[in-house]
Amino acid sequence: MQAILVPLSETTGMPSMLRCAAKVAGSFSSSIEGAYVRAEPSVILASDDTGATTPALIESFEREDAARAERLQQAFLEACNNEGVGDHAVVTDISGSGGGLGGYGRLFDLIVVGRPGRDADSPPMTTLETVLFDTGRVLLIAPPGAPDSVGKNVMVAWNGSSETARTIALSMPLLVKAEKVTVVTVDTGFVTGPDGGGVVSYLSRHGINAERDDVAAGGRGAGEAMLDEAVKLGSDMMIKGGYTRSRLRQTIFGGPTSHILANATIPVIMSH
């Protein structure tokens with residue numbers, strides 16, 4: 001985890017995102033980059049109902065955008081200094097060229113985003129989805145409240161899927177550093193694949209002494225049971241594949257990923 005990216009925005013989730021990024025960066029002596037995603041004035045202003053796009057309006061928009069970028073980047077550097085990782089922190093801008101955030105994120109080991117919420121100033125779902133589906137990298141979803149620790153007591157939410165297998169592989173540096181790892185399998189929401197014991201054996205080949213924990217959901221959904229077990233175990237990080245069921249199906253009917261994205265109070269490592 002030598003390269004960490006934090007997309008910057010004016011949301012309530014930024015303090016927790018910065019805390020999570022700093023905790024990981026401190027553990028690995030990683031470089032940590034705060035990136036402001038530049039807005040495209042032609043796209044934004046084209047959505048204006050008045051249609052009054054003028055050079056002066058575009059100039060005003062770009063000036064405000066530049067001031068916002070400067071403000072967020074300075075706040076990021078100050079936060080990194082406060083967290084003790086300022087020596088490894090840099091800032092940059094991301095434009096639409098080169099694939100925007102989805103393209104730029106492919107150059108990093110870990111991308112930290114905030115858990116989306118219903119409030120207007122919560123981290124946007126669009127940022128999370130861009131990182132999850134377009135970068136091919138692993139993301140850390142920071143909870144609304146900044147955590148005291150990240151990655152010491154890790155729960156692997158195993159459901160047998162290729163998505164979770166990929167997430168485990170991409171998260172191996174975090175798992176190796178963890179003091180405790182528990183592979184949790186819920187008896188609902190499981191797809192055809194190896195059981196939790198197989199994952200424990202796999203992790204042992206990497207020098208990770210993981211424990212197996214099989215959980216009965218009872219009347220709960222799989223996502224709810226996973227979060228309940230994380231609380232029971234005292235976990236400070238969950239590793240889970242994103243959207244084993246299709247995104248559309250989860251949007252309509254719900255599913256473990258959707259429940260966790262809406263309710264997790266600990267950092268969640270996820271990839272698709």
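The values are calculated or read from the model by the stated rules, or taken from the named source; none is laboratory data. On a predicted model such as this, the values are computed, not experimentally measured, just so you know. FYI the Cβ positions are ideal-geometry reconstructions off the backbone, even for glycines, and counts take in every protein chain you see.
General remarks:
- Tally of residues being assigned to a helix (DSSP H, G or I) and either farther than 24 Å from LEU107 by Cα or in contact with a Lys or Arg (Cβ under 9 Å, 6 or more places away or on another chain) (or both) across region 79-93: 2
- Within region 42-66, tally of residues that are among the small types (Gly, Ala, Ser), exposed (fewer than 12 other Cβ atoms within 10 Å of the Cβ) and at pLDDT 80 or above: 0
- Criterion: at pLDDT below 95, within 20 Å of the chain's Cα centre (by Cα) and of a type in the set (A, V, I, L, M) - qualifying residue of VAL85, VAL24, VAL6: VAL85
- Selection status of LEU261, surrounded by 14 or more Cβ atoms within 10 Å (Cβ to Cβ), in contact with a helix residue (DSSP H, G or I) (Cβ under 7 Å, 6 or more places away or on another chain) and part of a helix (DSSP H, G or I): no
- Residue in region 67-76 that is nearest to ARG19 (Cα to Cα), counting only those that are touching a strand residue (DSSP E or B) at 6+ places or on another chain (Cβ under 9 Å) and surrounded by fewer than 16 Cβ atoms within 10 Å (Cβ to Cβ): GLN74
- Residue pairs meeting the criteria (Cβ under 6 Å; at least 6 apart or on separate chains; first at pLDDT below 95, in region 219-236; second part of a loop (DSSP other than H, G, I, E, B) and of a type in the set (Gly, Ala, Ser)): ALA222/GLY189
- If the condition is being in contact with a strand residue (DSSP E or B) (Cβ under 6 Å, 6 or more places away or on another chain) and either surrounded by fewer than 24 Cβ atoms within 10 Å (Cβ to Cβ) or not assigned by TED's automatic domain parsing to the domain that holds LEU72 (or both), then region 17-32 contributes SER30, SER31.
- Those helices (runs of 4 or more DSSP H) lying entirely in region 96-172 with at least 2 residues hydroxyl-bearing (Ser, Thr, Tyr): 125-134, 162-170
- For region 76-108, the set of residues classified as small (Gly, Ala, Ser) and farther than 11 Å from GLY34 by Cβ consists of GLY84, GLY86, SER95, GLY96, SER97, GLY98, GLY99, GLY100, GLY102, GLY103, GLY105, listed by residue number.
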